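A.B. asks: The structure under discussion is supplied below as structure tokens; questions concerning it will follow.
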Amino acid sequence: MVCCFMTKAQCLWFVEFLLPTSTLIGSLPVTHTHIYMHTRSQTQHTQAGTWWFRPQIQTLRVGWTDKQTGVPVSFSLQVNPSTTQMEFACSHVVCNWSPEGSLMGGSDEGDSGLSVYPCSPPGEGGTTDPGVALRLSVTEHMYDNRISVIPQQEPGLVPPPLPPRRFESQKYPQCTSLPPSPPPLSSLPPPLPARGAEGRGEQSIRLKANVNVLSLSVGRLVDISRASGIQTTQCPVMHCGRCSAALSSLSSVQNTQETAVWLCEFCGLQNTLSTSGPGSKVGLRVRGRDVIYLLRQTDQDYENLEDVMVVFCVDISGSMSVTSEVTPGNPMRSATYVSRLQSIQDALQRALSSLLKTSPLRRVAIVTFNDEVVVYGDGSGVPASLRDWALVDYDYLRQQGQQYNTPHCIAESYQHLSLRVKELREHGATALGPAALVSIAMASRFVGSKVILCTDGRANIGLGEMEESPAPFSSPQSPYFYRQLANEATNKGVIVSVMTFEGTDCRLAEVGLLADQTGGRVNIVNIGTVATEIQSALADNILATGVKATLLAADGMYFPYEECNHCLVRDIGNVTEGVEITFQFACKPDSTESFMRRDRLPFQLQLSFTTRDQQKVTRIITEQRRVTTSSWVWAGSLNMSVLGVHCAQLCARLTMKGRVHEAQRQLRAQQDLLKDISEQRSNPKEESIYGNWIDTMTAICDDLTTDSQALSDEAAEVLYQMKRASSVGQRRRKQTDTVAL
């Protein structure tokens, strides 16, 4: 049996042959029960022959060449996979990465790091002004250090030279001495000579980008139906009194007869836990690395998962009469043109037929808008028309949506809905905001409902009206309205998807907030693709609502661009399948040295959410990562998927907030890193996808910087989609799950 796993920042492999030393693996004489080696490719010579090692992703390729026969034999060792759902870009925490500037000191603008310290809390070390390079002392990066504890060096003490290596073959002459060491800098010992990859000329880069990145597949984490084999309990969570960390298997607890003392591994607070109360001892035993805590349900919490609503909110303003050629003409026949409204009508008829077959119990309603809002519901009753003063009364519009007759299931209302769709005619202005408010109010009666909004023009009447504004991104009033409306939809568990027609100016950057904050889609369609996009939006089902992620790291760390503290709380809202979010973290300058003296640093994710059947759940995952003191991380060992998704999501968020220059710095650093990873470990498919993401984002940022222009609908669509980017592996898993179902 062979056991293999990585350690020391993916810079050292530990291979253990669980066999007697005389056992043969094929024709391989196992002369060592334990072999340590660097992750870079290397060769080891023995009396009987030569071992060679080639690290790959989660595998180690091992080969043996017998000295006498010269016959090579090779095999692969599988790395023990991680059992948690927290995926890191690097196996270790790089403690001495610093924002805005390389680790070794000064650099020019083109060589700057990818981030700035978001803020310097009072009393913390480091720079006090954003954008100022953080300088680390020479002692923190003098060595390519692959161990996790700093040796205590005596002043002026120089380590002895490495012993000579023995080679039995004349092909490898003996080395009786090492070259003289260069004079020490100050009281420090000289750097170690190049080994492994460096000695053979393989490239090792000093990272300017922050590789301390964590990715969470939230869509899979909230789907507790797939969480087989994970510890589940109804005991209450035991939290730290200072940082709210949860008791886990990593916690150090000292038990006495009446109490237990827990020294929090995140903030160092001593927590006294009672062992005499009901359920206390059981709670102390629930200390896994991945635990699902379930609150007790009552009969009132039950909900029919199929009892949800789909509201089609359709623009029928005058501009929807614009036609496009779908069939070119010829001498025998004239060209065929279809209007935008006709394409919407055809798409809705297809959607209704599809819902009738796949979800006959689904409730479906229709709302249209031009210079008035007409609520048809399921088409069987008298439509309600809202116009004039009603279009600017927020509370009245919401009340009308909530009180309108509850639609019947599509199995009963299909004929009525189909007839209403056929009767639609285009004319008038665009009361988009009031129609969206009414539609969301209707859908909010059922958790997990959807609103699909189709429009081709800018809102120009009623709430959410968008007048021409000199501001480069948006007017001051309308974003507040759409953001407030998105928050209401999120709190009610409603997904909103927004679709606009190409060639129009709908101010998608503002209207898209409805989809961005609720977990819906943002798409620019044409008459040929609108039906497909509506079907895709219908397939997005909510897995959980009210999702909130709390990420804790060791005290002394922070989250660039988000939080200066070691605890980050992010409200996610609605979650559908395939949702993936990323975080980046870093060490504060004054905590770097203390971290480098530690073997591991803890991380904990507390994910609280409500499932579709109204079960309140808290999932807590705790993990440790080893510490490395060097930023000389081999590029081939980094996770390109995690870094690529994080770059896309972060740069899109920064650009939407107008922080274009910061996004550009991120993109430059990630481009360099992607190039280095590709040189060390080529993956054409991932390189193409993530490279295209970076190129697209770079083009958008360059346009905004050079022209100072407003964010176009096309750019806004890309940015919103980048904020929801997911890795190639995540998409592959989703496709596999779909096939399996």
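The values are calculated or read from the model by the stated rules, or taken from the named source; none is laboratory data. Note that this is a predicted model, so its numbers are computed, not measured. Because the Cβ atoms are built from the backbone with ideal geometry, glycine has one as well, and the counts that use them run over all protein chains shown.
A.B. asks: If we keep just the residues of the stretch 498-514 that are assigned to a loop (DSSP other than H, G, I, E, B) and not charged (D, E, K, R), which is surrounded by the fewest Cβ atoms within 10 Å (Cβ to Cβ)?
C.D. replies: Gly503
A.B. asks: Quick one: which residue in Glu426, Glu412 is without any contact (Cβ under 8 Å) to a residue 60 or more places away in the chain and among the charged types (D, E, K, R)?
C.D. replies: After applying the criteria, what remains is Glu412.
A.B. asks: If you don't mind, there's one more thing I want to ask. So, in the stretch 392-409, of the ones that are over 37 Å from the mean Cα position of the chain (by Cα) and without any contact (Cβ under 8 Å) to a residue 12 or more places away in the chain, which residue ends up nearest to Gly379 (Cα to Cα)?
C.D. replies: Gln403
A.B. asks: What's the total number of residues in the stretch 231-250 that are in a loop (DSSP other than H, G, I, E, B), more than 22 Å from Ala554 (Cβ to Cβ) and touching a Gly at 6+ places or on another chain (Cβ under 8 Å)?
C.D. replies: Within the stretch 231-250, residues that are in a loop (DSSP other than H, G, I, E, B), more than 22 Å from Ala554 (Cβ to Cβ) and touching a Gly at 6+ places or on another chain (Cβ under 8 Å) number 2.
A.B. asks: Continuing with the same structure: Checking Val213 against (1) β-branched (Val, Ile, Thr); (2) surrounded by fewer than 16 Cβ atoms within 10 Å (Cβ to Cβ); (3) within 26 Å of the chain's Cα centre (by Cα), which test does it fail?
C.D. replies: Failed condition: (2).
The rows are residues; the columns are (1) buried (at least 20 other Cβ atoms within 10 Å of the Cβ); (2) in contact with a strand residue (DSSP E or B) (Cβ under 6 Å, 6 or more places away or on another chain); (3) polar (S, T, N, Q).
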residue: Asp388; (1), (2), (3): no, no, no
residue: Gln399; (1), (2), (3): no, no, yes
residue: Leu424; (1), (2), (3): no, no, no
residue: Met442; (1), (2), (3): yes, yes, no
residue: Ala459; (1), (2), (3): yes, no, no
residue: Tyr480; (1), (2), (3): no, no, no
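A.B. asks: Looking at Leu538, is it under 18 Å from the mean Cα position of the chain (by Cα) and not in a loop (DSSP other than H, G, I, E, B)?
C.D. replies: So Leu538 fails the test.
A.B. asks: Among the strands (runs of 3 or more DSSP E) contained in the stretch 554-662, which hold 2 or more residues that are at pLDDT 90 or above and within 30 Å of Asp307 (Cβ to Cβ)?
C.D. replies: Ranges flagged: 567-576, 600-611, 616-628.
A.B. asks: Starting from the stretch 359-373, keep only residues that are under 15 Å from Val447 (Cα atoms), then list their pairs with residues that are surrounded by 24 or more Cβ atoms within 10 Å (Cβ to Cβ) and small (Gly, Ala, Ser) whose Cβ atoms are within a distance under 9 Å, requiring at least 6 positions of separation or different chains.
C.D. replies: Short answer, once both residue conditions are applied: Arg363/Ser449.
A.B. asks: Still on this model: Considering only the stretch 426-440, state which residues are in contact with a strand residue (DSSP E or B) (Cβ under 7 Å, 6 or more places away or on another chain) and in a helix (DSSP H, G or I).
C.D. replies: Passing the criteria: Leu432, Pro434, Ala435, Ala436, Val438, Ser439, Ile440.
A.B. asks: Here is a further query. Can you name the residue in the stretch 612-640 that is of a type in the set (Ser, Thr, Tyr) and surrounded by 21 or more Cβ atoms within 10 Å (Cβ to Cβ) and, of all such residues, is nearest to the chain's Cα centre (by Cα)?
C.D. replies: Across the stretch 612-640, the extreme among qualifying residues is Thr622.
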